[in-house]
1. Evaluate the distance, in nm, between pseudo-label points positioned 7 Å from the Cα of L4 and of A53 along their respective Cα→Cβ axes.
2. Report, to one decimal in Å, the Kirkwood hydrodynamic radius for the chain based on all distinct Cα pairs.
3. Given Cα positions, please report Rg to Rh for segment 104-154, the hydrodynamic radius being the Kirkwood one.
4. Would you calculate the volume per residue, in Å³, of the smallest convex hull containing every Cα atom of segment 20-97?
5. In debye, nearest 20: dipole of the chain around its Cα centre with unit charges on the Cβ of K, R (+) and D, E (-)?
6. Taking the dipole about the Cα centre of segment 39-194, with the C-beta of Lys and Arg at +1 and of Asp and Glu at -1, give me whichever of V144, V67, G117 is farthest to the positive side.
7. So, with a 1.4 angstrom probe, what is the percent of accessible area on segment 39-194 that is carbon and sulfur?
8. Roughly how many Å² of L12 are accessible to a 1.4 Å probe, to the nearest 10?
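The values are calculated or read from the model by the stated rules, or taken from the named source; none is laboratory data. None of these values were measured; they are calculated from a predicted model. Cβ atoms come from the backbone with ideal geometry, glycine included; neighbour counts cover every protein chain shown. Just so you know, the surface numbers come from the protein's heavy atoms only, side chains and all, with ligands and any DNA or RNA stripped out. Shrake-Rupley method; radii C 1.70, N 1.55, O 1.52, S 1.80 Å.
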Amino acid sequence: MSALAQTQASALARWQQLGWPTTRDEAWRNFSTKPLQELPLTGGIAQGATLSAALVASLPSPRVVFVDGRHVANMGHDVAGLSVTPLDALEQVPTPGAVEALNAAHLTDGLAIHATGALGAATLHVVHIVTGRGAAHVRLVVTVDAGATLTLGEHYIGASDEAYLMNSVVEVDLAAGAVLELGTIAVSYTHLTL
């Protein structure tokens with residue numbers, strides 16, 4: 001069994017042990033996961049709406065883009081001092097909670113983002129666009145070297161009225177003297193012609 005398969009099997013066992021979070025869990029006290037429990041957790045997101053040029057042009061820059069849980073390299077931009085590479089392997093990862101374990105067990109795609117000390121300060125927008133129904137599990141592994149400052153904004157755009165789960169996990173390795181600022185924006189374009 002490959003290292004990835006072992007990691008995913010271990011994460012799946014952890015997910016099965018923990019199950020869905022409930023409103024009795026402090027982090028989930030204001031959110032019921034019952035609607036999510038009706039979604040298939042594997043198989044990805046079925047492509048739905050077609051993305052218009054206007055929507056793509058309106059996305060913030062610089063950016064990396066995931067559509068239906070898959071990285072779309074030609075929709076992104078390079079940033080000097082910032083390395084963005086495919087997450088080719090999922091090594092033994094911490095899966096402390098149910099959602100993290102679910103992500104590791106059914107990983108759809110991911111990126112390794114590395115801000116070098118030569119970067120100074122930079123902003124990168126990670127845009128998740130969902131066009132259909134289903135579940136996607138995306139992992140970002142972010143490394144920020146000493147002397148670098150990275151502002152990372154995650155944008156979630158629901159371009160369909162279908163139910164979906166976008167399970168994005170961000171792992172952070174922050175060196176002494178490094179700064180990482182995180183932000184999240186969610187937008188739903190229900191019944192919008194794209």
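1. That separation, rounded to one decimal, is 3.6 nm.
2. On the way: mean 1/r = 0.0568 Å⁻¹.
Hydrodynamic radius (Kirkwood, Cα pairs) of the chain is 17.6 Å.
3. Values: Rg = 13.6 Å, Rh = 12.6 Å.
Here the Rg-to-Rh quotient is 1.08.
4. Values: hull volume 15.1 nm³, N = 78.
Residue-normalised Cα hull volume stands at 194 Å³.
5. Working: 8 positive and 16 negative charges, 68 e Å.
Around 320 debye, computed over the chain.
6. The listed residue farthest towards the positive side: V67.
7. Values: 3720 of 6920 Å².
Looking at segment 39-194 in its full context, I get 54 percent from C and S.
8. 60
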